There are 2 protein chains.
Amino acid sequence: MTDWQEISGNVTAPRGYRAAGIKAGLKPSGLPDLALIVSDVEAIAAGVFTTSVVRAAPVDYCRQRLQSKPSARAILCNAGQANAATGSQGWIDAIESAQQLAQVLNIPSDYVLVASTGVIGQRIKMDALKAGIPQVVAALSETGGDAAAQAIITTDLVTKSIALETTIHDRPVRIGGIAKGSGMIHPNMATMLSFVTCDAAVSPSLWQQMLSRAADKSFNQITVDGDTSTNDTLIALANGQSRTPAITEMGADAEKLEAMLTAVCQYLAKAIARDGEGATCLMEVVVSGATDDKAARQVARTIAGSSLAKSAIFGRDPNWGRIAAAAGRAGVQFDQGDLQISLGNFLLMENGQPLAFDRAAASAYLKAAAAGAYLKEDTVLISVSIGNGSGFGKAWGCDLSYDYVKINAEYTT
Amino acid sequence: MTDWQEISGNVTAPRGYRAAGIKAGLKPSGLPDLALIVSDVEAIAAGVFTTSVVRAAPVDYCRQRLQSKPSARAILCNAGQANAATGSQGWIDAIESAQQLAQVLNIPSDYVLVASTGVIGQRIKMDALKAGIPQVVAALSETGGDAAAQAIITTDLVTKSIALETTIHDRPVRIGGIAKGSGMIHPNMATMLSFVTCDAAVSPSLWQQMLSRAADKSFNQITVDGDTSTNDTLIALANGQSRTPAITEMGADAEKLEAMLTAVCQYLAKAIARDGEGATCLMEVVVSGATDDKAARQVARTIAGSSLAKSAIFGRDPNWGRIAAAAGRAGVQFDQGDLQISLGNFLLMENGQPLAFDRAAASAYLKAAAAGAYLKEDTVLISVSIGNGSGFGKAWGCDLSYDYVKINAEYTT
């Protein structure tokens, strides 16, 4: 079905990109904490950012930058300090970081985008950052994607990266990405960040539309605890180095590119949900029969975010009532007589009424699925239909365990 | 400041009401499970119901009844089976329950309202209910409120009841209420139910408006886990037996009555939040400075419902960052430079930036407040200001503990 294949690498898999990740002394742990992604040529740049009114300085900086000129050469990301709730000084720090990097790279400063993750309320350690910038530039390489993926994580248990390749007009086109996020937001270690590179040639407005739609089907459809962060940032570059014809409007080529971009975003989003704090498995919720895709996604997201449904999955309990209740309160109108719910292949509810089913067998499915017996990896599948419409959507979450409470009650004390 | 005083009793404290609660054999535990509240005369009736599209049969029954005629003589409530997700048979059971009670009470069947709570997907045990109805009618008494409060609970650890009295035109006017709910919704033991009685004389439309506004400031402002239930029901009767002049429009008398009605609803709502599953304390969130009250309530509710903020309170951790992040994602526009956050008397954030504060002392406040050292009972106070507007709102929640996960992961397996 899919038109692409997975290839090795991530943000440096597409042509014309170099990356690096180094230890700049920003994290108290001494782990890698400064990442840089550079395109050899000016790349079209699109972004999707947190909708919170409490936003980090780099988020506002990138939004303004991309509004005035939707292109870039470099993305600089520090981990350790989120540069959120830092007032006007945070804004100055973001600008100074961009300016210094531009100077070292010998490019205009408006070609630089910046991102931060780490402790909210803490300024970036600017001395360490300034000393680190020449080093991270010196470390740039065409195989530096893994090092960059390492340098952007905070409390993540694993790095998240992917690269896919397709063919457009007989030439290979690649998209690669890295992401960080452990839980939708970690307590004080804000955030979800993702950086995507692509070597297709595409018009700025079309690239932004594609990215916004891909985010709606991926990063906006994952939930660990419902807490959107101050720093959430998704930036995607497209530098044209695949030397394929420019894509300027929707059509076969654009659809192929957008499908692959969406797949990259979904892979990274699921990796974040799977790495959710205390999670023992990924929950994939598929909703069909809605009046439109948006409504389906909303129902899916509400189920994936329900504390009761999440607790039930942790308990490997085939509790259809909690799934039905979450669907019902999602803010989407449907006839409860149309409600149908399955866990894996077990049909639990039909026509809005519970069915007799083998509870022990359904619980056994949950245990096996969470342990990775079905699908790829540890995924529990919840399928819900709410009517006869063509609206379809997916969402991903993780189960709610004792460890979630433990991590969040004790982390900072 | 307040214009009323607390008096003993609950739904039978206002004049002209009798109530009862009996063991009808509906709950497997054998505990009381059938409650009845009767007004001696026809009472004006208002209701507020779940907004979920997955609704129990009695919810639809009461909504239709009150739309056609906003008055009633009796409220019958069973505990044990929720009569939700029961299809057309559930609807028939609701109607038959009302008809049989009407027959025994010798009143028209459209004077009867019904409510159910218990396991979703289970029909009411109609044989037990039918045998119980004559018994619960025989048990009616002017001191039967406590028995009714007992018979409507399911997994609640305590009953919830209150009565207040004020003076209108030199005559006492009383409002009493009972409620059930342990968590916003217990896994399969749906629901939040509350029944309120009043002996004032008030016009139907005004009474409904007052109740809707009171619900917006009370039951709609509590959150334990964000899961709205299939059965949520608030019904309020006003029978005029105080023999005070009829209140037909807003004015001094109406404001006094509405303030007391709001206080009754807030007391019961807080009692539900405090009895939240696994809760060790109540969180009271007060938001000021919003453009209007609705916006303030929305921010308050988002903070009270944040899993991260709730986990921090459980850990007695003065984590301003999680409160700021929740305020920012509430969907209400404000300038983050105006954000101010306090825990008790500790100012943690001002002008959108963290302040230096004594973390150990603030944590000590949380420990003491949660243990009941301040305010009445075990309440932690979170105060947030988001600007210079006059909008003001409160919300209540409870902390998120290991026991919440334990109760919900293991309850039904």
Discussion item. Just to confirm the numbers: B:SER390, label point 7 angstrom along the Cα-Cβ line, distances to the other copies in nm, shortest first?
Written reply: 5.1
Practice prompt. With just the Cα atoms of the stretch A:162-312, tell me how far they stretch along each of the three principal axes, in Å, largest first.
Written response: 50, 37, 24
Practice prompt. Grab the DSSP H runs of chain B that are 4 residues or longer, score each as -39,500 (n - 2.57), total them, divide by all residues and round the 222 nm result to the nearest 500 deg cm²/dmol.
Written response: -10500 deg cm²/dmol
Worksheet item: Tilt of helix B:293-305 relative to the longest C-alpha principal axis of chain B, in degrees (0 to 90, nearest 10)?
Response: 80 degrees
Discussion item. Tell me the relative contact order for the stretch B:102-215 as a rounded percent, counting alpha carbon contacts under 8 Å between residues six or more apart.
Written reply: 22 percent
Worksheet item: Amide H neighbours of B:LYS160 under 5 Å, counting only residues 5+ apart in sequence or on other chains, H built in-plane at 1.01 Å?
Response: B:ALA179
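When only the heavy atoms of the protein chains count and the probe is 1.4 Å, how do A:GLU258, A:GLU142 rank by accessible area, highest first? Could the numbers behind the result be given before it?
Working: A:GLU258 20, A:GLU142 130 Å².
Listed by decreasing accessible area, they come as A:GLU142, A:GLU258.
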Item to complete: Using only Cα atoms, find the angle between the long axis of helix B:57-68 and the longest principal axis of chain B, and express it within 0 to 90 degrees, rounded to the nearest 10.
Response: 80 degrees
Fill in: Heavy-atom surface of the stretch B:5-274, accessible at 1.4 Å and reported per residue (Å²)
32 Å²
Worksheet item: Most fluctuating residue of A:ILE107, A:ILE120, A:ILE313 in a GNM of chain A with Cα springs under 10 Å: which is it?
Response: A:ILE107
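On average, how many beta carbons from a partner chain sit within 10 Å of the beta carbon of a residue in B:350-358? Don't jump to the answer; show the numbers that get you there.
Working: counts 0, 2, 5, 7, 6, 1, 0, 0, 0.
If you average over the peptide's residues, the count of other-chain Cβ atoms is 2.
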Worksheet item: Heavy-atom accessible area of A:HIS169 with all protein chains present, probe 1.4 Å, nearest 10 Å²?
Response: 110 Å²
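What is the dipole size for chain B, taken about its Cα centre, with +1 at each Lys and Arg Cβ and -1 at each Asp and Glu Cβ, in debye to the nearest 20?
Working: 34 positive and 39 negative charges, 104 e Å.
The dipole magnitude comes to about 500 debye.
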Practice prompt. Return an integer: the convex hull volume of the alpha-carbon atoms of the stretch B:189-267, in Å³ per residue.
Written response: 91 Å³
Item to complete: Beta carbons within 10 angstrom, averaged per residue: use that to sort the peptides B:304-310, B:40-46, B:294-300, highest first.
Response: B:304-310, B:294-300, B:40-46
Discussion item. Using the Kirkwood radius over C-alpha pairs as Rh, can you work out the diffusion coefficient of the stretch A:282-410 via Stokes-Einstein at 37 °C, viscosity 0.692 mPa s, in µm² per second?
Written reply: 225 µm²/s
Practice prompt. State in Å² the accessible area per residue of the stretch A:282-410; use a 1.4 Å probe, count heavy atoms of protein chains only, and round to the nearest integer.
Written response: 36 Å²
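Checking a compactness column here: for the protein assembly as shown, what do you get for Rg(Cα) / (2.2 N^0.38 Å), N being the number of residues?
On the way: Rg = 28.7 Å, N = 826, 2.2 N^0.38 = 28.2 Å.
Relative to the rule-of-thumb radius for its length, the protein assembly as shown sits at 1.02.
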Worksheet item: For the Cα atoms of chain A, what angle does the longest principal axis make with the long axis of helix A:359-370, in degrees from 0 to 90, nearest 10?
Response: 10 degrees
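Sorting B:VAL158, A:VAL173 by accessible area (1.4 Å probe), largest first, what list results?
On the way: B:VAL158 75, A:VAL173 0 Å².
From most accessible down to least: B:VAL158, A:VAL173.
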Response to the item:
Sorted shortest first, the nm distances from the A:GLU96 label point (7 Å along Cα→Cβ) to its counterparts in the other copies are 7.8
Worksheet item: Counting only the heavy atoms of the protein chains, how much of A:ILE341 is accessible to a 1.4 Å probe, in Å² to the nearest 10?
Response: 0 Å²
Discussion item. Using protein chains only and a probe of 1.4 angstrom, how many square angstrom of A:PHE219 are accessible, to the nearest 10?
Written reply: 10 Å²
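In whole percent, what relative contact order does chain A give with Cα contacts below 8 Å and a gap of six or more residues?
On the way: 1088 pairs, mean separation 72.3, N = 413.
Once divided by the residue count of chain A, the mean separation gives 18 percent.
Across the residues of B:49-60, average count of Cβ atoms on other protein chains within 10 Å?
Details: counts 0, 3, 3, 9, 12, 14, 2, 0, 0, 0, 0, 1.
Across B:49-60, the average partner-chain Cβ count within 10 Å equals 4.
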Worksheet entry | the stretch B:282-410 - percent relative contact order, Cα under 8 Å, separation 6 or more | 45 percent
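Could you work out the mean count of beta carbons from other protein chains within 10 Å of each residue's beta carbon in B:326-333? Intermediate values should be presented prior to the final figure.
Working: counts 5, 3, 12, 12, 4, 3, 1, 1.
Rounded to a whole number, the mean comes out at 5.
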Worksheet, complete the sentence: Heavy-atom accessible surface buried between B and A, both sides counted, 1.4 angstrom probe, nearest 100 Å², is 4400 Å²
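For the stretch B:5-274, how big is Rg over Rh, using alpha carbon atoms and the Kirkwood form of Rh? Please report the intermediate quantities before stating the final value.
Values: Rg = 16.7 Å, Rh = 17.8 Å.
With Rg and the Kirkwood Rh in hand, the quotient comes to 0.94.
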Item to complete: Starting from the Cα of B:LYS130, draw a straight line to each of the aspartates and glutamates and keep only those under 15 Å, dropping any in the same chain fewer than 8 residues away.
Response: B:ASP33, B:ASP93, B:GLU96
Worksheet item: Give me the Kirkwood hydrodynamic radius of the stretch A:120-185 in Å, from all C-alpha pairs, to one decimal place?
Response: 14.7 Å
Worksheet item: Among A:GLY372, A:PHE334, A:THR302, whose Cα sits farthest toward the positive end of the charge dipole of the stretch A:282-410 (+1 at Cβ of Lys/Arg, -1 at Cβ of Asp/Glu, about the Cα centre)?
Response: A:THR302
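Report, to the nearest whole %, how much of the accessible area of the protein assembly as shown belongs to carbon and sulfur atoms, 1.4 Å probe, protein only.
Working: 13710 of 28540 Å².
The nonpolar share, carbon plus sulfur, comes to 48 percent.
The values are calculated or read from the model by the stated rules, or taken from the named source; none is laboratory data. Only a predicted model underlies this, so the values are computations on that prediction, with no experimental measurement involved. Neighbour counts are summed over all protein chains in view; Cβ atoms, including those assigned to glycine, are modelled from backbone coordinates with ideal geometry. The protein model used for the area step is the full one, side chains on, heavy atoms only, and it has no ligands, DNA or RNA in it. Shrake-Rupley method; radii C 1.70, N 1.55, O 1.52, S 1.80 Å.
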